[in-house]
């Protein structure tokens with residue numbers, strides 16, 4: 001069922017004279033946008049006037065107001081009256097949404113740190129002892145850092161350290177074995193029983209019986 005407004009519009013078209021045969025869909029900065037019926041050849045100025053006139057924010061500088069509107073095979077055409085600054089806004093928006101010419105570099109994933117090399121840790125500890133670090137404390141710290149399954153890698157270095165000319169280096173090696181109480185170090189401790197330093201002999205003599213009973 002047609003609404004009264006549609007029926008009225010149809011009657012208006014039927015009652016219009018023969019020359020009123022161009023329908024213009026006017027939009028934009030006009031006071032009464034919508035469908036306007038004008039005669040073939042009416043100018044854009046006349047169409048804007050029929051749509052209530054241009055609004056206060058209309059930009060008429062880019063429109064040819066005296067250009068006629070003809071049917072050109074179609075009974076309906078469109079006319080948009082731009083607002084002030086509308087063309088600039090459109091141009092700016094086109095630049096913003098344009099794809100970037102430079103590709104975005106992928107974000108580098110952080111790499112996990114490599115586990116410390118136990119042999120390097122022992123060498124560093126020995127260097128610290130030679131430099132004056134406390135032998136027992138350095139040995140205790142190193143023993144807490146090296147895992148049980150890594151001890152086999154460092155026993156050769158500990159054997160060399162146990163025969164070093166420096167008493168502090170030899171004390172470091174025996175103190176490390178005392179902290180770990182690993183059976184692999186028993187041959188080194190047995191040799192330490194004959195060391196010229198009383199403290200080294202005392203440590204070796206104390207922990208050897210305990211290790212023998214444990215195993």
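Test residue 120 against the stated conditions and say whether it is more than 39 Å from the chain's Cα centre (by Cα), over 30 Å from residue 22 (Cβ atoms) and modelled with pLDDT of 90 or more. When the stated conditions are applied, residue 120 does not pass them.
Taking the criterion of being in contact with a strand residue (DSSP E or B) (Cβ under 6 Å, 6 or more places away or on another chain) and surrounded by 15 or more Cβ atoms within 10 Å (Cβ to Cβ), the residues of the range 34-53 that qualify are 36, 37, 38, 40, 42, 43, 47, 48, 50, 51.
The values are calculated or read from the model by the stated rules, or taken from the named source; none is laboratory data. Because the structure is predicted, anything quoted here is derived from the model rather than measured. For neighbour counting, all protein chains shown are included, and Cβ atoms are generated from backbone atoms with ideal geometry for every residue, glycine included.
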